[in-house]
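As structure tokens, the structure follows; a few thoughts come after it.
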Amino acid sequence: MGNPNPVKFGRCLVELERIYGITNGGNRGNQYNKKEAHWNNSNLPTQKDLADQIGIDQSQLINYKKLTTLIPELQDLIETDQIKATAGYKIWAKMSTCITKWTVQYFTTKVLPKHTNVLV
């Protein structure tokens, strides 16, 4: 691994995915913009291909990318080695779960009761 800073490494991975067209499944075309016949979808690079080329697991690649979505204050703590990258991944997972739980709770207690007559 070239960069020992996990947040910066995550940013590099995001940029490599953009360059190779891996984001959102790669550049595979659509019904309006078909790729040429010789351009086989199975030959397009994947996250696994990128991870193998760099020498890490695909799950590690995904975890590094998660660090780039943390708030800047948490990224700074990881970059300055005040908290470890693994703690950052766990915070990301917890935040994801908490936000999901909060959203479900909010809609079931605040939004849906106001619209029950609409649903009936």
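When the residues of segment 81-118 are filtered to those that are in contact with a helix residue (DSSP H, G or I) (Cβ under 7 Å, 6 or more places away or on another chain), among the aliphatic types (A, V, I, L, M) and part of a helix (DSSP H, G or I), which remaining residue is modelled with the lowest pLDDT? I'd like the intermediate steps shown before the answer.
Kept after step one, since they are in contact with a helix residue (DSSP H, G or I) (Cβ under 7 Å, 6 or more places away or on another chain), are these residues of segment 81-118: 83, 85, 88-89, 91-92.
Within this subset, residues satisfying the condition of being among the aliphatic types (A, V, I, L, M) are 83, 85, 91.
Checking which are part of a helix (DSSP H, G or I) leaves us with 85, 91.
Numbers: Ala85: 91, Ile91: 84.
Out of the qualifying residues, it is Ile91.
What number of residues within segment 1-37 are assigned to a helix (DSSP H, G or I), at pLDDT 60 or above and of a type outside the set (Asp, Glu)?
First, the residues of segment 1-37 that are assigned to a helix (DSSP H, G or I): 6-20, 23-25.
Checking which are at pLDDT 60 or above leaves us with 6-20, 23.
Remaining after also requiring of a type outside the set (Asp, Glu): 6-14, 16, 18-20, 23.
Selection size over segment 1-37: 14.
Quick one: in segment 38-64, of everything that is of a type in the set (A, V, I, L, M) and at pLDDT 85 or above, which residue is nearest to Tyr20 (Cα to Cα)? Before you say what the answer is, go through the steps one by one.
Of segment 38-64, the ones of a type in the set (A, V, I, L, M) are 44, 50-51, 54, 56, 61-62.
Of the ones still in play, those that are also at pLDDT 85 or above are 50-51, 54, 56, 61-62.
Details: Leu50: 9, Ala51: 13, Ile54: 14, Ile56: 17, Leu61: 15, Ile62: 16 Å.
Only one residue tops the list, namely Leu50.
Starting from segment 67-86, take each residue that is within 17 Å of Leu13 (Cα to Cα) and acidic (Asp, Glu) and list its partners that are modelled with pLDDT of 90 or more and surrounded by 11 or more Cβ atoms within 10 Å (Cβ to Cβ), counting only C-beta distances under 6 angstrom and pairs at least six apart or across chains.
Partner pairs satisfying both residue conditions: Glu79/Asn5; Glu79/Val7.
Give just the number: which of (1) buried (at least 17 other Cβ atoms within 10 Å of the Cβ); (2) in contact with a helix residue (DSSP H, G or I) (Cβ under 6 Å, 6 or more places away or on another chain); (3) at pLDDT below 90 does Leu67 not satisfy?
That leaves (3) as the condition not met.
Only one of (1) over 14 Å from the mean Cα position of the chain (by Cα); (2) surrounded by 16 or more Cβ atoms within 10 Å (Cβ to Cβ) fails for Gln47. Which number is that?
(1)
The values are calculated or read from the model by the stated rules, or taken from the named source; none is laboratory data. Values in this document were obtained by computation on a predicted structure and should not be read as measured data. Glycine also receives a Cβ, built like all others from the backbone with ideal geometry; neighbour counts cover every protein chain displayed.
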